[in-house]
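Shown next, in structure tokens, is the structure this report addresses.
The values are calculated or read from the model by the stated rules, or taken from the named source; none is laboratory data. A quick note: this is a predicted structure, and the numbers were derived from the prediction, not measured. Cβ sites come from the backbone with ideal geometry, for glycine too, and all protein chains shown count toward neighbours. Heavy atoms of the whole protein, side chains included, go into the accessibility calculation; ligands, DNA and RNA do not. Shrake-Rupley method; radii C 1.70, N 1.55, O 1.52, S 1.80 Å.
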Amino acid sequence: MNIILLGPPGAGKGTQAKQIQEFYKLPHISTGDILRENINNNTSLGLKAKSYMSRGELVPDELLITIIKDRLSKKDCEKGFMLDGYPRTIPQADALQMILTESGEIVDAVVNISVDDEELIKRLSGRRMCKCGTSYHVMFNPPEKEDICNTCNGKLYQRDDDRSEAIRNRLNVYKKQTQPLINYYDSKKILRTIDGSKEIPQIFEDIKKVLDEYDQ
Ligand code: AP5
């Protein structure tokens, strides 16, 4: 099963992806995580991406297309994959289609998690991250011990782009550059929209109802 998680910043893509990965045994490919790892390791890709990300802008398409082509060629993607944060523009979606066509594959489903702006701002401004990739929220999804990750005991931190100015920019960028993908995938009849304003476990149940149709 090849799936895409679509949705604005803060919709809960990463939160749901962790559960989908465990339940369906699909590799979770988050382009945001790949870019942040490159920034932490001071790679040339990380250096190129850093200023775009801290402003809340998209990193140029050609860099992302190279990343995704390379990642999808890895062995763990042979039986399917879950993309989180890619594609984010029409050229990225067209490139994905070309990459998959070359290997005789398709995108089975695009799960679009829908949440209104007011809720997104609350979620992003209260988000705390751990280096292991687990995300928390100071009110909606707090760790058991304040500022400490339940999974690995790491110290939690706030992402640079979760500051209020960057959040506003990310939401504008989403509307201009990523939202057109909703019509793009709807016209291919593979878009399934989920109400992302519910509680985290209920959203996962709704996603499972969709994915069970494709998980043969
Ligand atoms: P990326 O890391 O992909 O960020 P994003 O898409 O902006 O998404 P987020 O990680 O902010 O949100 P999410 O939907 O995963 O929400 P989460 O589950 O954490 O990208 C970062 C940057 O990298 C981009 O801005 C861009 O610069 C660059 N980039 C990445 N991919 C790119 C691409 N393809 N092209 C170009 N540039 C690219 O949840 C958010 C918070 O809400 C958490 O605190 C969580 O605990 C809480 N929460 C989750 N669900 C619920 C719920 N149901 N109720 C209450 N709280 C909830």
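General remarks:
- Lys/Arg +1, Asp/Glu -1 at C-beta; the chain dipole; positive extreme among A11, N42, L124: N42
- Across the chain, C-alpha contacts under 8 Å between residues 6 or more apart give a mean separation that, scaled by the residue count, equals a relative contact order of 30 percent.
- A simple packing score, the average count of other Cβ atoms within 10 Å per residue, orders the peptides 180-186, 88-94 as 88-94, 180-186, with the highest score first.
- Relative contact order of the stretch 1-106, pairs being alpha-carbon contacts under 8 Å that are 6 or more residues apart, as %: 39 percent
- In a reduced charge model with +1 at each Lys and Arg Cβ and -1 at each Asp and Glu Cβ, the stretch 1-144 shows a dipole moment near 520 debye about its Cα centre.
- J(HN,Hα) series, the stretch 76-81, from Karplus relation 6.51 cos²θ - 1.76 cosθ + 1.60, nearest Hz, glycine and proline x: 5, 9, 4, 9, x, 7
- Spatial separation of Cα centroids for the stretch 161-204 and the stretch 5-44, in angstrom: 14 Å
- Of the beta bridges in the chain, as assigned by DSSP with both residues counted there, near 30 percent are antiparallel.
- Here the sum of -39500 (n - 2.57) over DSSP H runs of 4 or more residues, divided by the residues of the chain, equals -13500 deg cm²/dmol at 222 nm, to the nearest 500.
- Surface share of carbon and sulfur [accessible, 1.4 angstrom probe, percent] for the chain: 49 percent
- Prolate/oblate/rounded call for the stretch 130-196, Cα gyration tensor, a/c under 1.5 rounded: prolate
- Debye, to nearest 20: dipole size of the stretch 111-216, +1 on Lys, Arg Cβ, -1 on Asp, Glu Cβ: 380 debye
- Shape call, the chain: gyration tensor on alpha carbons, a/c limit 1.5: rounded
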